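**Q** Got a structure for you, written out below as structure tokens; questions coming shortly.
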Amino acid sequence: MEILKKTLTQIEAANRQRMKEKEKKLDSLLKTPKGLGIIEDLAVRLEGMRQNYRPKKKMVLVMAADNGVEREKVSKSKRVITQYVVEAMLNGTSSINSLAKSFGADVKVVDLGIDESSSNSKKFDFEGIIDKKLMPFGTNNIADKAAMSYETAVSAIEIGIKMVDEFVKKDYNLFATGEMGIGNTSTSSAILKVFSDLPLDDIVGFGSGINKKTLEHKKEVIKRAILTKKIDKKDPIDVLSKVGGLDIAGMSGTFLGCAKNGVPVVIDGFISAVAALITQKLCPNARDYMIGSHLSCEPGMKYIMSELNLTAPLLMNMKLGEGTGAIMMFPIIEAACRITEDVRTYPDV
């Protein structure tokens, strides 16, 4: 708990004075005022995070873990798919690897709780994984009991913080949040339900591509998961430990670690956004270092982005996860950093 407590005290709000100066400089350029829209907004926010910020090394930091709620058959995919996708990430053949090659980024995968017993006879090659396993079989089934202990949730958050600390020392200064763990739209929906009390119809989506019958079953499982527990909604970690997942906790740590180090971190889709919401509730200043990416197809996404007071500028009908939406913002962030370098000022006429 000491790492988390210390981190929360170290996170400062973005520098508003630098942001005002950047906005003034952008307004002096030879272009229509605010003509570059969100790109200008990003340039201002990035200056608030770090003076004269420029991306050096870029990373998608993937938090991987299995979720016990998968046993309720709330997903189209079986939990062994977590291992297939993680193996692909590690050998460079997953969707996020392909996009990372296009945008000059690295992909790192952290194992917080991959259930390797679910593979039966197949032996997966996890060479290169960052082994931080906290629960060998993944989280408990939230339909029956708490996903994890309070202490385990804290440990997962602290691992995310430490990972960012380590990579910042290696000159990484632009991060995208990624995750892999079958069943995590259910855990994310449960967390959002506790925080928002929105109708489940406005929160729970089709996730991995389930049918309408399974969708209704998924809602009932989430309802049962919440009703059978005493949850302190004022304590984000209690919510996380009761109905969340290790991957969400790890991503929350990623957000906190980036804020602590003063570097931008991009929110991916719904699951990543839930982790961002938890982070904002733990430390409001951390929100200043978050950048939205795409508007996920999951119905709860709009509510979360509104709560964070952030935009999700990319409308791409994406619903994969892994960090695939977040990484799409990397070239836009890099473009935002160049405007005041390349564009001449308005002539004095």
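**Q** Looking for something under 17 Å from M180 (Cβ atoms) and either open to solvent by less than 10 Å² (accessible area, probe 1.4 Å) or of a type in the set (G, A, S) (or both) - is there at least one such residue anywhere in segment 222-240?
**A** Looking through segment 222-240, none of the residues is under 17 Å from M180 (Cβ atoms) and either open to solvent by less than 10 Å² (accessible area, probe 1.4 Å) or of a type in the set (G, A, S) (or both).
**Q** Given the conditions (1) buried (at least 21 other Cβ atoms within 10 Å of the Cβ); (2) touching a Ser or Thr at 6+ places or on another chain (Cβ under 9 Å); (3) under 23 Å from S252 (Cβ atoms), and given that A105 satisfies all but one, which numbered condition is not satisfied?
**A** (2)
Condition check ((1) surrounded by 20 or more Cβ atoms within 10 Å (Cβ to Cβ); (2) free of Cβ contacts under 8 Å to residues at least 60 places away in the same chain; (3) among the acidic types (D, E)) across all residues:
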| site | (1), (2), (3) |
| --- | --- |
| F137 | no, no, no |
| M148 | yes, no, no |
| A156 | yes, no, no |
| D171 | no, no, yes |
| L198 | no, no, no |
| K212 | no, yes, no |
| L215 | no, yes, no |
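**Q** Test Y289 against the criterion of being open to solvent by 50 Å² or more (accessible area, probe 1.4 Å) and of a type outside the set (S, T, N, Q), and give yes or no.
**A** Answer is no for this residue.
**Q** Could you grab me the full set of residues in segment 1-28 that are in contact with a Ser or Thr (Cβ under 6 Å, 6 or more places away or on another chain) and open to solvent by less than 100 Å² (accessible area, probe 1.4 Å)?
**A** Result: S28, single match.
**Q** Of all residues in segment 84-102, which are in a helix (DSSP H, G or I), of a type in the set (G, A, S), open to solvent by less than 50 Å² (accessible area, probe 1.4 Å) and farther than 28 Å from N140 by Cα?
**A** Across segment 84-102, the qualifying residue is only A100.
**Q** Sort out which residues of segment 266-293 are in a loop (DSSP other than H, G, I, E, B) and more than 13 Å from T7 (Cα to Cα), and write them in order of number.
**A** I267, D268, G269, G292, S293
**Q** A further question follows. For T324, indicate whether it is open to solvent by 10 Å² or more (accessible area, probe 1.4 Å), under 26 Å from K56 (Cβ atoms), touching a residue at least 60 places away in the same chain (Cβ under 8 Å) and not in a strand (DSSP E or B).
**A** Here the answer is no, as T324 does not meet what is asked.
**Q** Could you tell me whether S77 is within 26 Å of G205 (Cα to Cα), touching a residue at least 24 places away in the same chain (Cβ under 8 Å) and of a type outside the set (A, V, I, L, M, F, W, C)?
**A** yes
**Q** Still on this model: Name, by its number, the condition in (1) farther than 30 Å from V204 by Cβ; (2) surrounded by fewer than 21 Cβ atoms within 10 Å (Cβ to Cβ) that does not hold for Y53.
**A** (2)
**Q** Now for a different question. Pull up segment 243-265, narrow it to residues that are closer than 13 Å to F175 by Cβ and in a loop (DSSP other than H, G, I, E, B), then point me to the one that is farthest from the chain's Cα centre (by Cα).
**A** Among residues in segment 243-265 that are closer than 13 Å to F175 by Cβ and in a loop (DSSP other than H, G, I, E, B), the one farthest from the chain's Cα centre (by Cα) is G262.
**Q** With the condition kept exactly as written, say whether any residue in segment 327-343 is aromatic (F, W, Y), closer than 23 Å to T7 by Cα and not in a loop (DSSP other than H, G, I, E, B).
**A** No, the conditions are met nowhere in segment 327-343.
**Q** Select from segment 126-179 the residues that are charged (D, E, K, R) and assigned to a loop (DSSP other than H, G, I, E, B) and list them in ascending order.
**A** If the condition is that a residue be charged (D, E, K, R) and assigned to a loop (DSSP other than H, G, I, E, B), then E127, K132, K133, D144, K145, K170, D171 are the ones that fit.
The values are calculated or read from the model by the stated rules, or taken from the named source; none is laboratory data. Everything numeric in this text was worked out from a predicted model, so none of it was measured. A quick note on method: Cβ atoms are made from the backbone with ideal geometry, for glycine too, and the neighbour counts reach across all protein chains shown. Side chains are part of the model used for accessible areas, which takes the heavy atoms of the whole protein and leaves out ligands, DNA and RNA. Shrake-Rupley method; radii C 1.70, N 1.55, O 1.52, S 1.80 Å.
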